[in-house]
Amino acid sequence: MANIKSQIKRNKQNEVARERNKAVKSEIRTRTKNAVSAAGTENEESALRAAMKRIDKAAAKKVIHKNQAANKKSGLMKRINALKTNA
C-alpha cells in the first residue's frame, strides 16, 4: 500500500480509469456481436453504424489504439460481408 499522498490519489484515479476502460471495451464487444447477428436483417445498417461509432469513440478517447480501432472495424466488415455472401 502506498504511503505517499500523491501515489494514493494516483491509485484511485487509475482504478476509476480502469473501470471506465473495461466498460468501454465491453460495450465494443457487445455492439460488434449485435452487428454480426443483425447481418442480413433490416436493422443491419443501424447496428453496424452503432458498432463503428463506439469503436471510433474509444479510439478518440485513447481507450484503444487507433490502429486497433481500424483493425476491429476492418475485421467487423469482413465478417459481415462473409455472412452476407454465404446467406
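Quick note: the coordinates plus some simple rules give every number you see, no bench work behind them. Keep in mind it's a predicted model, so treat the numbers as computed, not measured. Because the Cβ atoms are built from the backbone with ideal geometry, glycine has one as well, and the counts that use them run over all protein chains shown.
Quickly run through the range 1-35 and pick out the residues that are surrounded by 12 or more Cβ atoms within 10 Å (Cβ to Cβ), under 18 Å from residue 68 (Cβ atoms) and out of contact with any Asp or Glu (no Cβ under 9 Å at 6 or more places or on another chain). Answer for the range 1-35, where residues must be surrounded by 12 or more Cβ atoms within 10 Å (Cβ to Cβ), under 18 Å from residue 68 (Cβ atoms) and out of contact with any Asp or Glu (no Cβ under 9 Å at 6 or more places or on another chain): 20, 21, 24, 25, 27, 28, 29, 30, 31, 32, 33.
Restricting attention to the range 50-70 and to residues that are surrounded by fewer than 13 Cβ atoms within 10 Å (Cβ to Cβ) and assigned to a helix (DSSP H, G or I), the residue that is nearest to the chain's Cα centre (by Cα) turns out to be 53.
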